[in-house]
Amino acid sequence: MGPEASDFSNQVHDFDPGLDNGLFWTVPVGANSVFVNPGSGRASLVVKNLEMEDYFNVVNALQDGSNNPVTVSFDVQWAPGVKHFKVRDAGTGMAGHFIMNSATMVWSAESNGVAFQSGPANTSASVSGQVGHERNGVFFQ
């Protein structure tokens, strides 16, 4: 049995954009970093040299604690899919049309002169992926 999900004693790095913009783990990227074809399920997100912060563990990150600057790059590719499904939940005000697929990712990071690199994209695996179009909030109707 592995460590409990709430045990962060072995976590050494937590790369995220911080909470400075008022959004939780969210940062804008350029329009040329994103490609989406919702009809096929194919998509990509390619970001190079994005400045973020290394909070060392998720608890410290949630408290906006001490951190080091870090630069990250990643390339996520969602493959075309064939299983289409629709969701509509009036209770939460969300509706969408999605395509199940899979994704691969390659990433790198550099913090305080130390570089980290994932394996090649063809060695990554996804449990589940989805690409689609969602409406929520004022756009739900």
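The values are calculated or read from the model by the stated rules, or taken from the named source; none is laboratory data. This one's a predicted model, so the numbers in the text were calculated from it and none came from an experiment. All Cβ positions, glycine included, derive from the backbone under ideal geometry; neighbour counts span all protein chains shown. Areas reflect the complete protein model, heavy atoms only, side chains present, ligands, DNA and RNA absent. Shrake-Rupley method; radii C 1.70, N 1.55, O 1.52, S 1.80 Å.
General observations
- Candidates Gly96, Gly129, Gly41, ranked by Gaussian network fluctuation over the chain, Cα under 10 Å, top entry: Gly96
- Shown for the chain: the carbon plus sulfur share of the solvent-accessible area, taken with all protein chains present and a 1.4 angstrom probe, equals 57%.
- Taking a ≥ b ≥ c as the square roots of the eigenvalues of the Cα gyration tensor, an a/c ratio of 1.5 or more together with a/b no larger than b/c marks the range 80-141 as oblate.
- For Leu45, solvent-accessible area (1.4 Å; no DNA, RNA or ligand), Å²: 40 Å²
- Karplus-derived 3J(HN,Hα) values for the range 33-49, using 6.51 cos²θ - 1.76 cosθ + 1.60 with θ = phi - 60°, are 8, 10, 10, 9, 10, x, x, 9, x, 7, 7, 8, 9, 10, 10, 10, 6 Hz; glycine and proline are entered as x.
- With each label modelled as a point 7 angstrom along the Cα→C-beta vector, the Asn37-Ser73 pair spans 2.6 nm.
- The range 13-132: C-alpha gyration tensor shape, a/c 1.5 cut-off, then a/b vs b/c: oblate
- Shape category assigned to the range 59-103 from the gyration tensor of Cα positions, a/c cut at 1.5: oblate
- Contour minus Cα-Cα distance for Glu51 and Val138 (0.36 nm per residue): 28.1 nm
- Simple spin-label estimate for Asp89 and Ser118 in nanometres, 7 Å along Cα-Cβ: 2.6 nm
- Residues whose amide H comes within less than 5 Å of that of Asp14, counting only those at least five positions distant or on another chain, are Tyr55, Phe56, Asn57 (H built at 1.01 Å from N in the peptide plane).
- Solvent exposure of the chain amounts to 66 Å² per residue of accessible area, where only protein heavy atoms count and the probe is 1.4 Å.
- For Val12, Val127, the ranking by accessible surface with the largest value first comes to Val127, Val12, using a 1.4 Å probe.
- Backbone HN-Hα couplings from phi across the range 63-76 [Karplus 6.51/-1.76/1.60, Hz, Gly and Pro as x]: 8, 6, x, 4, 7, 10, x, 9, 10, 10, 9, 7, 9, 10
- Taking every DSSP helix (H) stretch of at least 4 residues in the chain, weighting each as -39,500 (n - 2.57) and dividing the sum by the residue count yields a mean residue ellipticity at 222 nm of -500 deg cm²/dmol.
- Heavy atoms of Asp75: accessible area, 1.4 Å probe, square angstrom to 10: 50 Å²
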